[in-house]
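Heads up, the thing below is written out as structure tokens.
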């Protein structure tokens, strides 16, 4: 049984992915967020809710104990958060990280210029890419509510295809990445429909 630590658990992607894990796997989940009172435990038999900040190294290391996978979908100072996650995973002896970034961080979206608003996402991805972790950086398009699961993947260095991605599609991919420790390891992948 895979044990997944979800950082930023009250965010839109994390909440959607939590529901997908519960419906389509037997994974055990630890939901990690700054204010635990904002989140109702969706399944007390399989889910633990932990209050903590990603920048609090001791709390983060403690939450990583006995986990198999770390899935991070965060906002804020992404560069510092990525540094904290990498350091904590090294100290906890954890290897598998799935980290949500953004499309466009490499200037890979045809017809769009790189903008400084993407700097935090690019900088966080750079921290992760030089780590010794078994990482997958996800670069999704804009989120839609389309219920259909349908997506295409591009590798770093390839032009981004499409523009949007349904939350169902992105969550489906995150669950697959979490349950298959070899899938897209060491990759930064664009995800779109």
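Every read-out reported here was derived from the displayed coordinates using simple, explicitly stated rules and does not represent laboratory data. Quick caveat: nothing in here was measured; it's all calculated off a predicted structure. For neighbour counting, all protein chains shown are included, and Cβ atoms are generated from backbone atoms with ideal geometry for every residue, glycine included.
Estimated from helical segments only, the mean residue ellipticity of the chain at 222 nm is -9500 deg cm²/dmol, where each DSSP H run of four or more residues counts as -39500 (n - 2.57). Taking every C-alpha pair closer than 8 Å and separated by at least 6 residues, the mean separation divided by the residue count of segment 80-193 gives a relative contact order of 30 percent. With contacts taken as Cα pairs under 8 Å and at least 6 residues apart, the chain reaches a relative contact order of 20 percent.
Cβ crowding within 10 Å, taken as a proxy for footprinting-reagent exposure, orders 115, 139, 28 from fewest neighbours to most as 115, 28, 139.
Listing 143, 21 from fewest to most neighbouring C-beta atoms within 10 Å gives 143, 21.
Were the residues from residue 51 through residue 35 laid out at 0.36 nm apart, the gain over their Cα-Cα distance would be 5.2 nm.
When you have a sec, figure out the Kirkwood radius of the chain from all distinct Cα pair distances and drop it here in Å to one decimal? Across the chain, the inverse of the average 1/r is 16.6 Å. Each listed q (0.10, 0.17 Å⁻¹) maps to a log10 I(q)/I(0) for segment 19-132, found by the Debye formula over equal Cα scatterers with no solvent: -0.35, -0.90.
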